[in-house]
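Visitor: Take this structure, written in structure tokens, and hold onto it; I'll ask about it next.
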Amino acid sequence: MIELTSITRIFHMGEQSIYALNHIDLEIQDGEYVAIMGPSGSGKSTLLNVIGLLDKPDDGSYRLDGKTVTDLSEAEQAQIRREKIGFVFQSFHLVPRLTAAENIELPLILSGLAAAERKQRVNDTLRAFDLSDRAAHRPSELSGGQRQRVAIARATIMQPTAILADEPTGNLDHQIGVEVIALLENLHQTGTTLIVVTHDRELGDRAHRQLMLRDGKIMTDKKT
Amino acid sequence: MTLADTFFLSFKTVVSYRLRSVLIILAMTLGVAAVVVLTALGDGARKYVVNQFSSIGTNLLVVMPGRAETTGAFPGAVLGQTPRDLTLKDAQLLGRLPQVRRYAPLNVGEAELSASNRLREVTVLGSNAELIPIRHMKLAQGGFLKHGADYSAQIVLGSQLASEFFPLTSAIGQRIRLNERRFLVSGVLAPQGKTMGHNTDEIVIIPVEQAQSLFNTTSLFRILVEAKSHDAIEPAKEAILETLKQSHDGEEDITVITQDAILATFDRILHALTLAVAGIAAISLIVAGILVMNVMLVAVNQRTSEIGLLKAIGAPAADIRFLFFAEAMWLSTAGAAFGFLLGQLGSLMLRLVYPDLPAWAPAWASIAGITVALLTGILASILPANKAARLDAVQALSKK
Ligand SMILES: Nc1ncnc2c1ncn2[C@@H]1O[C@H](COP(=O)(O)OP(=O)(O)O)[C@@H](O)[C@H]1O
Ligand SMILES: [Mg+2]
């Protein structure tokens with residue numbers, strides 16, 4: 001469970017202070033499917049990054065699964081990211097030197113898993129994401145949809161409790177985007193919490209809960 | 001992340017940035033190779049000189065007239081005195097010392113050697129039979145003053161002179177003239193080539209009394225003394241000084257130098273030279289280290305978004321630091337290894353081109369070269385690795 005209390009994130013631009021997140025209170029239960037929407041610059045990415053422990057809030061407290069994680073050490077936060085959170089980005093963020101299989105394997109390497117077991121799990125995941133025949137391809141040899149599928153496979157291989165996707169369809173054609181969303185929804189079906197940042201209303205409406213952000217504040221919180 | 005995975009992952013990175021890696025490794029390689037080859041050259045020169053110097057004798061002491069300037073405690077006391085000459089009597093006194101195995105008086109001069117229409121200027125050594133063993137010379141044929149007949153007009157010819165003057169017959173027993181004095185060839189030296197700048201193939205040796213009368217002198221140029229053992233060198237020096245002081249009415253007017261001391265001096269000087277050369281070569285390694293640092297900094301910049309991704313999927317700062325560190329380790333280790341091999345190859349070439357030069361890089365130099373390469377690689381990676389580890393994940397991800 002994700003519990004944010006009065007979370008504030010301030011960026012300083014010269015003299016100006018920008019409240020990217022302005023005293024956000026938010027609770028997300030395990031297994032929820034949440035869409036974060038709002039205009040550009042409203043704080044969607046910042047909120048996702050704070051939830052994913054990539055960004056530190058300047059104020060407020062964050063409890064994850066009942067434990068306060070705001071004051072954990074850098075290494076402890078990294079461990080939580082490794083074990084509980086899977087990130088999916090708009091620009092895929094695949095390592096260009098590594099093959100699809102190697103990109104998917106990265107989180108397993110970071111967690112120190114033995115090579116034999118890694119291979120097994122990577123193969124299983126490749127099959128599950130219908131990427132087996134692309135295993136040895138580099139990102140540059142893959143289509144956008146395939147790249148995002150590799151990225152999603154990488155985000156799920158550690159079986160995280162939450163998947164955080166920041167505009168995962170932003171760089172994709174509408175049709176491919178729908179397929180990618182469907183893939184994420186499949187993961188949600190298996191019990192994973194799914195939080196998607198999008199400004200595509202149609203995609204946002206597929207979620208079971210819509211958060212509307214504006215100027216770092218949650219304007220509406222709709223459950224459908 | 002396990003250590004093995006860290007090194008494997010960074011190895012892949014090194015391989016995929018091929019050109020960049022090759023250039024850094026090349027810089028490291030040249031640096032290490034320079035250390036190895038230059039020290040091989042320096043140490044080869046040292047060994048060459050030491051060998052040359054050792055080959056002129058064993059436990060050798062050289063007695064010469066005159067006091068070395070360095071001792072002058074009372075300059076006034078020495079003033080106005082010409083040093084007394086060394087004489088054959090002095091040499092015989094030294095021969096009786098218990099620390100002395102053998103001695104050879106020595107006169108050196110130039111004279112005209114002539115026989116059957118041939119004539120040439122040669123260097124003449126006047127000495128006794130012991131000169132040959134003391135100076136480690138070898139006779140190819142015949143002998144020299146074998147039965148102690150010091151006054152007989154015997155002559156030993158250098159190998160080249162023998163074949164020049166008697167190309168068709170054996171030189172032994174032939175008559176030959178030195179400045180119109182007649183000599184009988186009793187021996188021929190084995191060819192030896194140059195040692196310490198003297199070509200022993202083009203000298204002649206005659207009895208010292210003959211030489212003194214030939215050059216119209218009663219004094220000696222040097223007395224060569226061989227001590228009984230290495231440990232006897234210093235006592236022999238003391239004894240020689242004492243003996244000749246007594247024989248010269250209490251005046252210390254001779255100088256004794258030991259082969260050992262000269263050898264040690266040469267050894268020291270050339271060793272220092274080798275060290276200095278190694279140090280200069282090591283500077284190129286530092287330069288290579290700076291290159292590594294620069295390239296690693298560029299790499300951090302290039303791979304910023306990748307570093308952000310690694311952080312997002314849960315890599316702690318320590319892992320990222322170690323990844324870059326391992327990358328630098330690969331580069332400098334490869335550079336050190338190739339440099340060592342190239343250096344050995346270079347030394348081998350030196351030895352092939354100059355067979356007289358024992359151009360082997362000393363172990364300390366190879367070890368130092370490799371260590372400095374690894375060390376600079378490690379040091380050079382600290383700054384970039386820390387920079388990578390400290391990157392803000394969100395900003396890193398948004399780059400590019
Ligand atoms: N690193 C930063 N430095 C300064 N301002 C930032 C930084 N990151 C985000 N912001 C500002 O914070 C606000 C929210 O940004 P963001 O969360 O990226 O918005 P969104 O994802 O909704 O477009 C914006 O006004 C943005 O300009
Ligand atoms: Mg955004």
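The numbers here are math on the coordinates, done by the rules we state, and not lab data. As the structure is a computational prediction, the values presented were derived from the model and not from experiment. For neighbour counting, all protein chains shown are included, and Cβ atoms are generated from backbone atoms with ideal geometry for every residue, glycine included.
Visitor: I need the Debye-formula profile for the protein assembly as shown: one equal scatterer per C-alpha, no solvent, reported as log10 I(q)/I(0) at q = 0.06, 0.09, 0.10 1/Å, two decimals.
Guide: Taken in order of the listed q values, log10 I(q)/I(0) reads -0.58, -0.81, -0.94.
Visitor: Compute from the Cα atoms of the stretch A:86-224 the Rg and the Dmax, the latter being the longest Cα-Cα distance, and quote both in angstrom.
Guide: Computed over the Cα atoms of the stretch A:86-224, radius of gyration and Dmax are 15.6, 49 Å.
Visitor: With Cβ to Cβ distances under 9 Å as the rule, what net charge do the other residues near B:His271 carry (K, R +1; D, E -1)?
Guide: Once positives and negatives cancel, what remains is 0.
Visitor: Which of A:Leu213, A:Leu183, A:His12 sits farthest toward the positive end of the charge dipole of chain A, with +1 on the Cβ of Lys and Arg and -1 on the Cβ of Asp and Glu?
Guide: Checked the options; the winner is A:Leu183.
Visitor: Here's another thing I want to ask about it. Can you list the aspartates and glutamates whose alpha carbon sits under 20 Å from that of B:Lys47, skipping same-chain ones fewer than 8 residues off?
Guide: By straight Cα distance, B:Lys47 reaches B:Asp260, B:Asp267, B:Asp356.
Visitor: Determine the sum of side-chain charges near A:His137: Lys and Arg each +1, Asp and Glu each -1, restricted to other residues whose C-beta is under 11 angstrom from that of A:His137.
Guide: Summing Lys and Arg as +1 and Asp and Glu as -1 gives 0.
Visitor: Going by amide H atoms built from the backbone, whose H comes under 5 Å of the H on B:Leu139, apart from near neighbours?
Guide: B:Ala190
Visitor: Kindly provide the helix-only [θ] at 222 nm of chain A, computed as the sum of -39,500 (n - 2.57) over DSSP H runs of four or more divided by all residues, to the nearest 500 deg cm²/dmol?
Guide: -11000 deg cm²/dmol
Visitor: Want the number for B:Thr371 to B:Thr218: 0.36 nm per residue separation, take away the alpha-carbon distance, what's left?
Guide: Net length gain for the segment: 48.9 nm.
Visitor: Output the relative contact order of chain B, whole-number percent, from Cα pairs under 8 angstrom with separation of 6+ residues.
Guide: Contact order relative to length: 30 percent.
Visitor: Number of Lys-Lys pairs in the stretch B:84-252 under 27 Å by Cα, sequence gap 8 or more or different chains?
Guide: Number of lysine pairs found: 14.
Visitor: Which lysines, on any chain, are close to A:Lys222 with Cα under 21 Å apart, when same-chain ones fewer than 8 places away are left out?
Guide: The reachable lysines, counting only those whose Cα sits under 21 Å from A:Lys222, are A:Lys44.
Visitor: Can I ask one more? Take each uninterrupted DSSP H stretch in chain B, measure its Cα extent along the helix axis, and return the ones at 24 Å or beyond whose mean Kyte-Doolittle hydropathy is at least 1.0.
Guide: Flagged H segments are B:18-55, B:259-302, B:317-353, B:363-390.
Visitor: So if we plug the beta-carbon distance of B:Asn199 and B:Asn301 into 1/(1 + (r/R0)^6) with R0 = 60 Å, what FRET efficiency do we get, rounded to 0.05?
Guide: After rounding, the FRET efficiency stands at 0.35.
Visitor: Here's a follow-up. What's the exposure ranking of A:Asp130, B:Asp5, A:Asp200, going from fewest to most Cβ atoms within 10 Å?
Guide: If I rank by nearby Cβ atoms, fewest first, I get A:Asp130, A:Asp200, B:Asp5.
Visitor: So which chymotrypsin sites (Phe, Trp or Tyr not before Pro) in the stretch A:1-48 pass both tests, a DSSP loop state and at most 10 other Cβ atoms within 10 Å of the Cβ?
Guide: Counting only loop positions with at most 10 other Cβ atoms within 10 Å, none of the chymotrypsin sites (Phe, Trp or Tyr not before Pro) in the stretch A:1-48 qualifies.
Visitor: Then there's this: When the distances between all Cα atoms of the stretch B:84-252 are binned every 5 Å from zero, what whole-number percent does each bin get?
Guide: Percent of Cα pairs in each bin: 2, 9, 17, 20, 18, 14, 9, 6, 3, 1, 0, 0.
Visitor: Follow-up. Of A:Lys67/A:Lys119; A:Lys84/B:Lys387; B:Lys311/B:Lys387, which sit over 22 Å apart, Cα to Cα?
Guide: Too far apart for the 22 Å limit: A:Lys67/A:Lys119; A:Lys84/B:Lys387.
Visitor: So, one more: Excluding B:Val256 itself, what net charge comes from residues whose Cβ is under 14 Å from its Cβ, given Lys and Arg +1 and Asp and Glu -1?
Guide: Around B:Val256, the surrounding residues sum to -4.
Visitor: Residues in the stretch B:333-371 near a label at B:Leu3, defined as backbone nitrogen under 17 Å from the 7 Å Cα→Cβ point?
Guide: Flagged as within label range: B:333.
Visitor: Using only Cα atoms and rounding to the nearest 10 degrees, what angle (0 to 90) does helix A:174-189 make with the longest principal axis of chain A?
Guide: The angle comes out at about 90 degrees.
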